[in-house]
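Undergrad: Structure below; questions to follow.
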Amino acid sequence: HRHVSLGGSGDHSVTCGLLYDTLLSASNESKQSNGVTRQAVVYSKNYSYTYDVTIFSAVDIPSVLSNLLSDYLTNASNSQLVNDLINKKSSNLIDQLSSYLINELVNYLTSTYLTNNLTIDEPIDRDIDNNEIARDNLAIAMLAVKLLYLKGNLSILPSLVSVVESIRYNYLKRQMHLHESSIRNENAYYICITMCLSNRLSIYLTNYIAKQFTTQISNCISTYLTNKSTNEVTSELFNGIIIPLTIYQQAFNDITNNLNNYQPVYLVGDSHILPLAWNVIRYTSKSSNNIDRLLVPRLITGLKHWHLRSGSTFYPKAGFEQAISMIPNESEVIFVLGEIDCREGLLIAVEKDKYTNLTIAMRETCKHFTNTLKSLVNRKKFNALVMPVLPAIPVTRNIALNYNIEYKNEINKIKGVKWIDVLNDILTDDSLDIKEIYQLDGIHIH
């Protein structure tokens, strides 16, 4: 529908056209022009504004590659390798430079199409209303991104994210901090999901470009070194290296098309399941060996171990029970939760004398979950696996690491439940930080 009625009355009666035409794929139109510009309107009784969004834009790949090569050759820090390239023209050195160009090209393409902060090449600078209705309209679109991601409808998201970013850009530019506003939760989920999408696109483009163009780029570099020596690099050198616009959308279409091609492994937990969601893993169980399985998310926003205690009526527990009810018996399920307890629950509970010390608080809190898990394994016959609390936040890392000691001890007491011991893999050798390859946004782990 062109417009979506949000209901209500009076000043709170809002009609939102924010999703105007952006849930439709623009791929057909994009084949006929360098970009597709759509017009979106957001309005209510009290305010209105219109903006244009470039959903797809063509990139001049030869120019990007020539600029990358030129910058590399003129960078003083690369002088020794450049001299070796010109004098020796070693195939190993050429391949090394080719790999560098591919990595930098992928970074450029990802950032100009779908980045963590901005998805349109030339965002439109305009005044915005920083009022409750305007923020709520933005929150609706951010929530749409969250829901579509959780349902696996990834192919729709690039167009929708482009619209959201065109607004969010102007909030950021004017230092209107959404993470401190009434829509901070919607904003937080939205940021995490766009970063997950950006990583997915980066991986897809890396595989595609490396497969299609490694040899061609290496040959171009060799040609330059042979014929041009140290002369200026021109874009004509890389003519013929073209990446169709459909590749961007294909990166997200793949998962949508493959949802029925894999048996699921369910992810149950808080926002830490988002980076894991919709990835394909090689899974081994008692009944099957080395089978590719799809990680399917079952999110419970804000879920803590504490919420699962007996007698709790807080809404995350109801959300947990609903998510569990939707998972078939005898399924493989990975549980990922407990980080919010470490971040905002345990220390406050000890300060309020609910527990005599932090160790007892940790032990009693994780038992709320392990008691629930025992019941689920017996009743639903789950093949259950448990991830440790992921210690991504520096200020609470020590609490999370100590919590995992108690957590692992309790999990190991449950017959048939496996602890996924990944901490040594994701932490640096001194256990003081997360390895760079796994860092995402300071809260979640890629």
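The values are calculated or read from the model by the stated rules, or taken from the named source; none is laboratory data. Note that the structure is a prediction, hence the values are computed from the model and not measured. Don't worry about glycine lacking a Cβ; one is built from the backbone with ideal geometry, like all the others, and counts go over all protein chains shown. These area figures cover heavy atoms from the full protein model, side chains too; ligands, DNA and RNA do not enter into them. Shrake-Rupley method; radii C 1.70, N 1.55, O 1.52, S 1.80 Å.
Undergrad: Multiply the residue separation of S63 and Q212 by 0.36 nm, subtract the distance between their alpha-carbon atoms, and state the gained length in nm to one decimal.
TA: 51.8 nm
Undergrad: Could you calculate the FRET efficiency of L347 with K151 from 1/(1 + (r/R0)^6), where r is the beta carbon distance between them and R0 is 35 Å, rounded to 0.05?
TA: 0.45
Undergrad: Just to check I understand the Karplus step: with θ = phi - 60° and J = 6.51 cos²θ - 1.76 cosθ + 1.60, what whole-Hz values come out for segment 301-308, glycine and proline as x?
TA: After applying 6.51 cos²θ - 1.76 cosθ + 1.60, I find 4, x, 5, 10, 4, 4, 5, 8 Hz.
Undergrad: While we're here: Filter K354/K418; K317/K367; K151/K418 down to the pairs with a C-alpha to C-alpha distance above 20 Å, please.
TA: K354/K418; K151/K418
Undergrad: Please give the peptides 198-210, 173-185 ranked by average Cβ packing (other Cβ atoms within 10 Å per residue), highest first, as a rough proxy for protection.
TA: Highest-to-lowest ranking by the protection proxy: 198-210, 173-185.
Undergrad: Right, something else. Starting from the amide H of L267, placed 1.01 Å from N in the peptide plane, find each other amide H under 5 Å away whose residue is 5 or more places distant or on another chain.
TA: The answer is V296, R298, I334.
Undergrad: To the nearest 0.05, what FRET efficiency results for D433 and H179 with a Förster distance of 25 Å applied to their C-beta separation?
TA: The calculated FRET efficiency here is 0.65.
Undergrad: Distance from a point 7 Å along Cα→Cβ of E330 to each backbone N in segment 401-434: keep the residues under 18 Å and list them by number.
TA: 416-417
Undergrad: What order, most packed first, do the peptides 377-384, 404-411 have when packing is the mean number of other Cβ atoms within 10 Å of each residue?
TA: 404-411, 377-384
Undergrad: Would you please classify the overall shape of segment 294-345 from the alpha carbon gyration tensor, given that a ≥ b ≥ c denote the square roots of the eigenvalues, rounded means a/c under 1.5, and beyond that prolate means a/b larger than b/c while oblate covers the rest?
TA: It comes out oblate by the Cα gyration axes.
Undergrad: Here is a further query. In terms of the Cα gyration tensor, with a ≥ b ≥ c the square roots of its eigenvalues, is segment 173-234 rounded because a/c is under 1.5, prolate because a/b exceeds b/c, or oblate?
TA: oblate
Undergrad: Which whole-Hz couplings ³J(HN,Hα) result when phi for each residue of segment 386-391 is put into the Karplus expression 6.51 cos²θ - 1.76 cosθ + 1.60, θ = phi - 60°, listed in order with x for Gly and Pro?
TA: Karplus values, whole Hz, x for Gly and Pro: 10, 7, x, 4, 7, x.
Undergrad: Short version: ³J(HN,Hα) in whole Hz for each residue of segment 62-71, in order, from phi by Karplus 6.51 cos²θ - 1.76 cosθ + 1.60 (θ = phi - 60°), x for Gly and Pro, what are they?
TA: Result, ordered by residue: x, 5, 4, 5, 5, 5, 4, 5, 4, 4 Hz.
Undergrad: In percent, how large is the relative contact order of segment 391-446, given Cα pairs closer than 8 Å and 6 or more residues apart?
TA: 36 percent
Undergrad: Let me ask something additional. May I ask you to compute the full-extension gain from F314 to S375, defined as 0.36 nm times their residue separation minus their alpha-carbon distance, rounded to one decimal in nm?
TA: The span from F314 to S375 would gain 20.0 nm if fully extended.
Undergrad: Let me ask something else. If I compute solvent accessible area with a 1.4 Å probe over the protein chains, what percent of it on segment 348-446 is carbon and sulfur?
TA: 50 percent
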